[in-house]
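Asks: Take this structure, written in structure tokens, and hold onto it; I'll ask about it next.
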Amino acid sequence: MPVGLRGELMAAEVASGETRQEGLSQWHRFILSASMFLCVSAFGFLEPFVPLYLELSGLSRGQIGLVVGVGAGLALLVQPLLGRLSDRIDKRRPLMVVGALLTAAAYLSYRGADHLVLFVLLTALGVNGISYLNTANAVLVSRLALAHGGSRGATATFASFRVWGSVGYVVVSLLTGLLVTRGLAGQSPTREGLDPLFTYAPLVFVLVAGVAMLLPDPRRSELPVPPPDKQSKRAVSGEPKADSTAAPHRGGQQNLRWFLFAYFLYCFAWNGSASFLSLHLRALGATPAWMTAVYATGVLCEILVMSQVSRWCDEFGRRPLLAVALAAMPLRLLLYVPAPHPLWILCVQTLHGINFGVLVTVTVAFVNDVCTEETRGAAQSRLAATSGLAAAFGPAVGGWLASAVGIPATFLVMAGVAGVGAGWFLWKVRETHPDPVRLHRQGPMVLRPLFRVLCIPGVCLARLPRVRRSKAAFDARAEK
């Protein structure tokens with residue numbers, strides 16, 4: 001399943017770092033949180049049970065990867081088009097309602113599917129619907145938020161909304177696991193035993209459509225203009241102004257392309273292995289309750305990380321946190337391999353908090369730093385399309401590997417891919433925050449070498465000795 005949970009930011013007080021939400025009424029905050037809750041909660045039953053349901057329907061592991069991959073791959077075509085369309089009409093709410101209803105219909109139709117082609121078509125429709133719902137939620141939060149603040153402390157506000165999505169995931173995941181386990185009455189999972197899940201759980205998307213009708217969706221011309229002092233701070237920091245004419249910030253599009261390549265490898269590795277994690281758990285003897293407990297544990301850790309990562313991101317910058325999250329993925333995949341029991345996987349899954357808890361929030365801040373108001377929807381869709389490309393090829397390659405050499409070997413290969421992505425990020429990608437705390441200069445002395453790697457691209461570190469030598473020679477000649 002592609003994890004297209006994108007978001008954008010609401011600003012905070014520059015001096016104190018406290019979030020400012022005076023522009024949003026209590027009702028708007030409630031309805032935005034409810035939308036996040038429902039949209040993300042759907043993954044609570046999709047991630048653990050869709051691969052299992054496909055296998056119980058007679059599909060091979062290679063075919064499961066194909067079903068997930070082809071559906072996600074359409075995001076390459078569909079998501080940018082939807083992003084441009086919503087930017088052109090300057091409205092997200094109508095598309096969200098249609099997308100939610102189509103997604104509900106797709107997963108409700110799973111029970112009647114009995115052929116590979118049907119599963120491919122239904123999954124493609126459902127995956128693209130979910131991806132757009134999360135992207136649109138992100139843009140709505142951003143448009144209301146950025147009209148009322150600056151860049152420092154901005155990520156805290158998005159996390160305050162996004163955390164309700166994680167809560168929804170945990171609730172739905174644990175609830176479905178307990179109900180499915182009770183329905184099976186101790187027997188091994190069968191397709192008939194999982195059929196009720198795909199009768200009632202997809203109805204959550206009908207609720208999403210109802211909530212979407214109530215979401216605040218102002219046009220650009222209806223947004224309040226920030227006060228002059230805030231607007232000037234945006235101009236200094238490189239953040240988009242209210243008139244959307246500000247130039248992209250630090251590193252620009254080249255830096256974004258480098259980041260998207262590293263992000264693609266991360267998503268490729270994760271999607272290529274995550275699609276088969278529930279099958280790996282089943283091979284270890286896990287019940288449906290165990291499966292959902294594993295996924296819910298990761299999301300609980302994600303909530304804990306997200307409660308702090310917004311403050312760290314706005315204080316220390318985007319790059320150090322992204323570097324840690326990307327480097328943790330290969331370690332996580334390697335630790336899946338020697339698991340003797342589902343409890344081992346549950347403990348390893350706590351690293352999900354570092355991976356997804358950081359990326360779901362900080363990637364949004366990173367992209368927001370290098371785009372303008374007029375290109376925000378397209379930029380977020382570009383991010384979604386990157387994950388869509390990875391989600392298309394990752395499961396397909398992972399399914400082929402799982403059929404050929406087994407799931408543990410698939411985890412090893414994907415760990416190598418994730419390691420390459422982390423290395424590329426550390427070597428190439430620059431910081432985009434306008435004014436972070438320089439950990440490599442102000443942090444504890446014993447940790448400064450580590451902070452230097454996390455904060456400064458490797459390509460820049462490699463040039464430092466030459467720069468220092470040339471500067472010393474210049475100073476010597478000048479003195480002479």
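Asks: Length gain on complete extension for the stretch S188 to A409, per 0.36 nm per residue less the alpha carbon to alpha carbon distance?
Replies: In short, 77.0 nm is gained.
Asks: Using only the C-alpha atoms of segment 301-435, find the volume of their convex hull and express it per residue in Å³. Spell out each step's value before the answer.
Replies: Values: hull volume 15.0 nm³, N = 135.
Spelled out: Cα convex hull of segment 301-435, divided by residues, is 111 Å³.
Asks: Under 5 Å between amide H atoms, partner at least 5 residues away or on a different chain: which partners does C371 have, H built in plane at 1.01 Å?
Replies: Under 5 Å from the amide H of C371 lie the amide H atoms of H249, each far enough along the sequence or on another chain.
Asks: Which value, in Å² rounded to 10, gives the accessible area of K91 with a 1.4 Å probe and all protein chains present?
Replies: 40 Å²
Asks: Rounded if a/c is under 1.5, else prolate if a/b is larger than b/c, else oblate: which is segment 252-315, with a ≥ b ≥ c the root eigenvalues of its Cα gyration tensor?
Replies: oblate
Asks: Taking the highest mean first, how do the peptides 330-341, 125-136 order by number of other beta carbon atoms within 10 angstrom per residue?
Replies: On the way: 330-341: 17.2, 125-136: 26.9.
Answer by packing, highest mean first, reads 125-136, 330-341.
Asks: Next up: How much solvent-accessible surface does D114 expose, in Å² to the nearest 10, with a 1.4 Å probe and all protein chains in place?
Replies: We get 130 Å² for D114.
The values are calculated or read from the model by the stated rules, or taken from the named source; none is laboratory data. As the structure is a prediction and not an experimental result, all values here were calculated from the model. Using ideal geometry, Cβ is built from the backbone for each residue, glycine included, and neighbour counts are taken over all protein chains shown. Ligands, DNA and RNA are stripped out before the accessible areas are found, and what is left, the full protein with its side chains, is counted by its heavy atoms. Shrake-Rupley method; radii C 1.70, N 1.55, O 1.52, S 1.80 Å.
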